[in-house]
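First the structure, which I've put down as C-alpha cells, then a few questions once you've had a look.
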Amino acid sequence: MDPVPWFENFLWNHDLPMIMGCEWSKVFAAVLWRLWKRRCEVVFDSHAMIDGEKVLNVIASSIRELVDAYPPKGNKMTTGKLIAWLKPEEGFVKLNTDGAAKVNPGVAGAGGLIRDEEGRWRTGFMAHLGVCTNTVAELLSEELGMPF
C-alpha cells in the first residue's frame, strides 16, 4: 500500500478532533517538526541527550503557540473597515512617511513623500539610517520629512 495517499487523507481529515482548539493537521505538523529538530540535535550535537520530559514540554509549548497564532474562529462576525489615503484640504500638502528596521534593532531605512490637495506627488525622500529600532526609524522618517 502506498503510504502517501493515506498520509494526505490523514492530514486533511477534518473529522478528526481539534486539539486545544487547533486543527489536527497543524498540531501534527508542529509535533513532527519538534521531534525532527530534537532528533537532529541528538545526532549532530555530541552533548545532546534525549530527555522525554523536555521533548513533551517543547511539544506542548508548540501547541500553545499554534493556538495563540490560530485562535478558534467560533461564531464571531468580523466587519471590514475601508482604509484609504485622504487628500489634504485645499492649500495644504500632506507628508506620508515610513521607517523600518530589518530586525529590531537592525539595519534601518526611512522614506516619505509629499502630495498636494489633488493627490499629486510633489517630492519625496529616502534615507539609510544605519542600525536602530523600528520605533526610532519611524520617528526619524518624520523628522527627515519635516524640512520638505
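Within the stretch 1-45, can you find the residues that are assigned to a strand (DSSP E or B) and either modelled with pLDDT under 70 or outside the structural domain of Val55 (by TED's automatic domain parsing) (or both)?
Selection gives Ile19 alone.
Conditions: (1) more than 30 Å from Ile114 (Cβ to Cβ); (2) at pLDDT 70 or above. Val93 meets all but one. Number of the miss?
Single failed check for Val93: (1).
Over 30 Å from Trp33 (Cα atoms) and either surrounded by 12 or more Cβ atoms within 10 Å (Cβ to Cβ) or not assigned by TED's automatic domain parsing to the domain that holds Arg34 (or both): does that describe Leu86?
Spelling it out, Leu86 is indeed over 30 Å from Trp33 (Cα atoms) and either surrounded by 12 or more Cβ atoms within 10 Å (Cβ to Cβ) or not assigned by TED's automatic domain parsing to the domain that holds Arg34 (or both).
The values are calculated or read from the model by the stated rules, or taken from the named source; none is laboratory data. Bear in mind the structure is a predicted one, so any value in this text is a computation, not a measurement. All Cβ positions, even for glycine, are placed from backbone atoms using ideal geometry, and neighbour counts span all protein chains on display.
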